[in-house]
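S.K.: Attaching a single structure in structure tokens format; questions to follow.
Read-outs: derived from the displayed coordinates by stated rules, not from any lab. This structure is a prediction, so every number in the text was calculated from the model and none was measured.
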Amino acid sequence: MKFLLIAVTLFIFVSMVLGSLRSRDKLDKEANKAVGSLATAMRYALYGFCVVVAVASALVLYQGL
């Protein structure tokens, strides 16, 4: 669980730093495109993690009933 919390915190931190650089136009065209792709991949990974946690929670709740 600690690993997942650290990973999510790092994802959010990296996303904020890259978004800040991107909004200040400090990146060239190729780097800007790469940051956009990385942000999309990180977003999908976070959504997938949320779905897995929701399914696991639903299974635990179902088993408890």
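S.K.: Go from 0 up to the bin containing the longest alpha carbon distance in the chain, width 10 Å each, and give me the % of pairs per bin.
M.R.: Each 10 Å bin holds this share of Cα pairs: 19, 37, 23, 13, 6, 1.
S.K.: Separate question: What number, rounded to the nearest 500 deg cm²/dmol, is the helix-based mean residue ellipticity at 222 nm of the chain, given -39500 (n - 2.57) per DSSP H run of at least four residues and division by all its residues?
M.R.: It comes out at -32000 deg cm²/dmol, rounded to the nearest 500.
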